[in-house]
Structures are given as structure tokens and as C-alpha cells.
Amino acid sequence: MIVVVGGVPGTGKTSVIKKAMDYEDFDYVNYGDLFFQLAREKYGITHRDEMRRKLSIHEYRELHRAVADEIQRIDMKDLSRPVVVDTHFTIATPVGFYPGFPEYIIDKIPAVAWVLIEAEPEEIRARREKDKDIRKRGGGIEDDIWTHQDLNRSAALLYAYRTNGAVYIIHNKQGKLDEAARELAEVIRNCRLG
């Protein structure tokens with residue numbers, strides 16, 4: 001059983017997922033980390049920013065398929081254990097927004113739930129400012145948080161349509177991480193029970 005969790009950078013989705021592990025048992029896969037690991041192994045990429053500059057669209061697609069295959073393998077290893085995938089439903093680039101899950105990937109990752117972690121734009125901006133020395137954000141189009149969250153909602157609905165899954169929205173309010181984590185754990189538990 002696969003549950004995909006997404007959100008714009010700064011919503012705290014990874015923090016929510018990791019805290020949810022206190023309340024529900026599941027395998028955790030960070031899509032971006034796995035993608036980078038495979039890019040390093042296969043193409044010698046040494047930094048995430050190199051991927052956009054050095055990889056062809058064909059190589060990107062090949063890596064997406066490899067990541068999807070690995071997620072499938074993890075899922076099939078123990079069908080009673082949920083797999084939570086930490087990713088982005090849409091990706092802001094200098095030239096526009098791209099879908100995080102092209103059609104050829106969605107068919108390989110039949111998620112039963114697509115969970116959006118959201119927050120108020122001013123909270124997201126504050127979180128981004130707090131971790132600016134750790135994370136390099138794109139700026140520009142990425143600063144249009146309302147549009148990005150709105151596009152994520154549309155993408156989540158489209159992805160759920162393709163997998164016959166459900167869409168959930170969890171608000172990660174400042175200082176309420178535990179509430180959001182408990183809500184995510186409940187979603188995972190409910191999906192597990194059917």
C-alpha cells in the first residue's frame with residue numbers, strides 16, 4: 001500500500017511524515033533522495049543542482065522509472081506494511097511548473113492516497129527564511145506559494161483519478177506539528193484498514 005505525501009518547499013512535509021512515524025509504522029521513501037542517489041550511481045552526478053544542468057530529458061525519464069521500480073519493490077516486499085513516499089506533486093522551475101508524477105510514473109506507483117501538506121504562505125516564508133543557510137531555494141516562481149499550493153491540489157486530484165485513490169489535505173500550522181503528524185498517521189491507518 002503506497003501513500004504519497006507532497007507539499008511545496010517549506011510546508012514541513014518531511015517533518016510531518018517523520019513525526020507520524022511515532023504513531024504509525026511504515027516504510028519511508030524520500031523520492032528526491034532516491035532520485036539523486038540513482039543519478040549519482042548511474043551518471044556521476046555529485047550535487048542535486050547538477051541534475052537540471054547535466055541530465056537529458058531521456059536520462060531524467062529513465063531515472064524516474066528506476067525510482068518508481070524501487071518504490072514498487074519496497075511495496076511488494078511486505079504488502080501489509082504501508083510505504084510513504086515523500087515528494088513534490090508539482091515542481092517550480094524558472095520556466096514554469098512541472099508535474100512531479102508524469103503519467104508513465106503514476107501507473108507504476110498505484111497510490112491509495114495522495115496527501116497534501118499545506119501551510120499559510122507567511123508560515124512557509126518564515127520556515128524558508130529559517131533554513132536558508134541549509135537549503136538553497138529557487139526564488140522567483142517558487143515565491144508564488146498560493147499558486148503552487150493550488151496547482152498541487154489540482155495535481156493531487158488528477159493523480160488520485162489515475163490510481164483510483166483518495167486526496168487528503170493536512171494543514172501543518174506553526175507550532176502544531178504533532179497535530180498534523182497524528183492526522184497523517186490516521187490517514188495511513190485508515191488506508192491500511194481499507
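Here region 23-66 is the region considered, the condition is being among the acidic types (D, E) and in contact with a helix residue (DSSP H, G or I) (Cβ under 7 Å, 6 or more places away or on another chain), and the residue that is modelled with the lowest pLDDT is E59. Examine region 92-114 for a residue that is touching a Leu at 6+ places or on another chain (Cβ under 8 Å) and among the β-branched types (V, I, T), and state whether such a residue exists. Scanning region 92-114 turns up no residue that is touching a Leu at 6+ places or on another chain (Cβ under 8 Å) and among the β-branched types (V, I, T).
When region 155-184 is filtered for residues that are over 19 Å from V85 (Cβ atoms) and of a type in the set (G, A, S), only G175 remains. State whether one or more residues within region 48-64 are closer than 27 Å to D131 by Cα, under 13 Å from the mean Cα position of the chain (by Cα) and not charged (D, E, K, R). No, because not a single residue in region 48-64 is closer than 27 Å to D131 by Cα, under 13 Å from the mean Cα position of the chain (by Cα) and not charged (D, E, K, R).
Residue-wise test of (1) touching a strand residue (DSSP E or B) at 6+ places or on another chain (Cβ under 9 Å); (2) under 21 Å from L116 (Cα atoms).
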| residue | (1), (2) |
| --- | --- |
| T14 | yes, yes |
| I17 | yes, yes |
| D25 | no, yes |
| Q37 | no, no |
| T46 | no, no |
| M51 | no, no |
| V67 | yes, yes |
| I74 | yes, no |
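Checked against (1) touching a helix residue (DSSP H, G or I) at 6+ places or on another chain (Cβ under 7 Å); (2) outside any loop (DSSP other than H, G, I, E, B); (3) of a type outside the set (A, V, I, L, M, F, W, C); (4) closer than 23 Å to A155 by Cβ, T11 meets all criteria but (2). When the residues of region 117-148 are narrowed to those that are in contact with a strand residue (DSSP E or B) (Cβ under 7 Å, 6 or more places away or on another chain) and closer than 20 Å to G96 by Cα, which ends up modelled with the highest pLDDT? By that ranking, first place goes to H148. The set of residues in region 166-184 that are more than 14 Å from G6 (Cα to Cα) and either surrounded by 21 or more Cβ atoms within 10 Å (Cβ to Cβ) or not small (G, A, S) (or both) comprises K173, Q174, K176, L177, D178, E179, R182, E183.
Against the definition (basic (K, R), exposed (fewer than 15 other Cβ atoms within 10 Å of the Cβ) and without any contact (Cβ under 8 Å) to a residue 12 or more places away in the chain), how does R73 come out, yes or no? Yes; evaluated as a whole, the condition is true for this residue. Scanning region 84-101 for residues that are surrounded by fewer than 20 Cβ atoms within 10 Å (Cβ to Cβ), assigned to a strand (DSSP E or B) and touching a residue at least 40 places away in the same chain (Cβ under 8 Å) yields T93, G96, F97, P99.
The values are calculated or read from the model by the stated rules, or taken from the named source; none is laboratory data. The structure displayed is predicted, hence computed values, not measured ones. Methodologically, a virtual Cβ is constructed for each residue, glycine included, from the backbone with ideal geometry; neighbour enumeration extends over all protein chains shown.
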